[in-house]
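Contents: one structure, followed by commentary.
FYI, it's all coordinate maths here, none of it is from the lab. Just so you know, these numbers come straight off a predicted model, no measurement behind them. Cβ coordinates were reconstructed from backbone atoms using ideal geometry, including for glycine residues, and neighbour counts include every protein chain displayed.
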């Protein structure tokens, strides 16, 4: 990182110091209690609004929380993460019933619908490492399945460019502020949702109708 970039990042963090203090008094939204026998997956792939809507539309998924992974609890606030200097990635925590939908199926939707895994540190116009493609595995089995999925997609030449998705251990997941939760469903007419996320939902219905929950 060049000196000018370092100074810009430091300036952003200093300016955001009052926000960090204020955020400490208002903890982020808490995740719902997981049903017995359920598992969780944490995936990052651009803005968490669209990611959340895609995965909460699947059968066997009981809860999806928009949040952050890859950084520390102290920096898990939207305004701070948006500087791109925290190591955090906008992510979703998916609670699912493995008897109804498998981790492999979640990864299929993740790679083929929820985001573009060939874009490095951005998704469309959303730029920065906070929008990177990453799978945060919680178990050796998840790590193995993630790597296997990438290998199969690469061998099948599913994408014209290399997959850049990181496969890294989950060190913590932190829920985002309440106003980010279920944003796409609560604000369907938001121009960002209409132009960026609605096409993902159409692709989900088209490619994986068997995985979509009954409405």
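Annotations for the structure displayed:
- Label-point separation, residue 99 to residue 190 (7 Å along Cα→Cβ), nm: 3.6 nm
- Fully extending the segment from residue 178 to residue 120 would add 18.1 nm, taking 0.36 nm per residue of separation and subtracting the current Cα-Cα distance.
- When 57, 82, 214, 91 are arranged by Cβ crowding within 10 Å, least crowded first, meaning fewest neighbours, the order is 214, 82, 57, 91.
- Estimated FRET transfer efficiency (residue 207, residue 74; beta-carbon r; R0 30 Å; 0.05): 0.15
- Mean projection of the Cα convex hull over all viewing directions, computed for the stretch 3-211: 12.4 nm².
- The separation of the stretch 137-215 from the stretch 50-69, counted between C-alpha centres, amounts to 9 Å.
- Annotation: the residues 64, 196, 212, sorted from fewest to most other C-beta atoms within 10 Å of their own C-beta, follow the order 212, 196, 64.
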